[in-house]
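First up is the structure itself, then whatever we jot down about it.
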Amino acid sequence: MSVSSCTFEDRCVSVLCCRFCQQVLSTRGMKAVLLADTDTDLYSTDIPPSGTVDFTGSCYFTDICKCKLKNIACLKCGNVVGYHVISPCKPCLLSCNNGHFWMFHSQAVFGINRLDPSGVNVLLWGNLPDLEESTDEDTSCISEEEYIR
């Protein structure tokens, strides 16, 4: 199955924050499950987080699949918060996936539901503008309360 045959438009958009220092890591998060182990909850995003995380360590593979991965750490506190799928394996690409290759461990980040422009309803992925995170907005000084409002 490809991304086009799966539907993710009704999923809530989350602001992802580091559990260790509360730094905003991404404003385009989605609650997800690991394709290779559906018992594992995590968050994902479709666009590389800008100025909030960086690669750490060497590339590695898991025992579950052959995706090539590399850990990412919060630039503010240095803790590992997730990983980037450098090269997805064929079974993962062919399975129902959301097309996101930036993954965040639920033990290392927390998500806050984003509201739509009305400030009343939760923002859904189907209503999210493309390439929004590529703007150079400084999210480091925005409080959780401002995201919720």
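Values quoted throughout were computed directly from the atomic coordinates according to the rules given, and no laboratory measurement underlies them. Quick caveat, the model's predicted, so the values are computed rather than measured. As a convention, Cβ positions derive from the backbone with ideal geometry for all residues, glycine included, and neighbour counts pool all protein chains shown.
Structure data summary
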| read-out | value |
| --- | --- |
| Calculated FRET efficiency for the pair SER118/GLN22, C-beta based, R₀ 30 Å, to 0.05 | 0.70 |
| Estimated inter-spin distance, SER95 and PHE61, nm [label 7 Å along Cα→Cβ] | 1.7 |
| Computed lengthening from THR7 to SER50, 0.36 nm per intervening residue step minus Cα-Cα distance | 12.8 nm |
| Sequence-distant lysines (8 or more away, or on other chains) whose Cα lies within less than 24 Å of LYS66 | LYS31, LYS90 |
| Extended-chain gain in nm, criterion 0.36 nm per residue less alpha-carbon gap, TRP125 and ILE86 | 11.7 nm |
